[in-house]
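Novice: My questions all concern the structure below.
No lab work stands behind these numbers, since they all come straight from the coordinates. Worth saying up front: this structure is predicted, and the values here are computed from it rather than measured. Note that each Cβ is placed from the backbone with ideal geometry, even for glycine, and that neighbours are counted across all protein chains shown.
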Amino acid sequence: MPNEAVIVSADPVRLEQIMGNLIGNAIKFTPSGGSIRVSLDVDDAWAVMRVRDTGAGIPSGQLDRVFELFGQATASLDRSHGGLGIGMTVVRLIAELHSGTAQIFSEGEGRGTEAVVRLPLQRQTVVIGVTNDSPLTARGSPKRLSCRTTSRRSSGGRRSRSATAAGTTT
């Protein structure tokens, strides 16, 4: 995991849905005694989320099928592992709606699977907060607000600017 917070401009409910689908699939297809690894990294201007398991794996000819609506790696009418075959379609659509990508990798049956979602890092963050101990609910009381803007450079470095303002809430 990165030492700094990784910030993306995304709907947190949809991010939870992505990770829930990926982790749920890893749990579903990994037998007892197997392992699942979840990681988050930064690669240039991207947040990279990975879910890797030591489970059933996917035959190379069926990797693209995983993202098809109602598609599953093994075309089985009994759906022995449950699910409708829409989870990975949803993962890819949500990633693409956030200007990202979703990919799946496997070295074949019995060799595990790695799902990778890449989302662009947020370029600028604005943090606004009250810097004194006065409650925000006190009408007419003076407040000192601070605003910090953080920009990410393409080299991964950070540049910050700060501004402070005093005012009265009404």
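Novice: In nanometres, what is the gap between the two model label sites at GLU114 and ASP44, each 7 Å from Cα along Cα-to-Cβ?
Specialist: 1.8
Novice: Report the label-to-label distance for THR101 and ARG37 in nanometres (one decimal), using points 7 Å from each Cα along the Cα→Cβ vector.
Specialist: Modelled inter-label distance: 2.1 nm.
Novice: Sorted by mean Cβ packing within 10 Å, highest first, what order do the peptides 96-107, 31-42 take?
Specialist: Result, highest mean Cβ count within 10 Å first: 96-107, 31-42.
Novice: Starting with the highest mean, order 2-10, 56-64 by the number of other Cβ atoms within 10 Å, averaged over the residues of each peptide.
Specialist: Going from most to least packed, we get 56-64, 2-10.
Novice: What list of ³J(HN,Hα) values in whole Hz, one per residue of segment 13-18 in order, does the Karplus curve 6.51 cos²θ - 1.76 cosθ + 1.60 (θ = phi - 60°) give from phi, with Gly and Pro shown as x?
Specialist: 3J(HN,Hα) across segment 13-18, in whole Hz: 5, 6, 4, 4, 5, 4.
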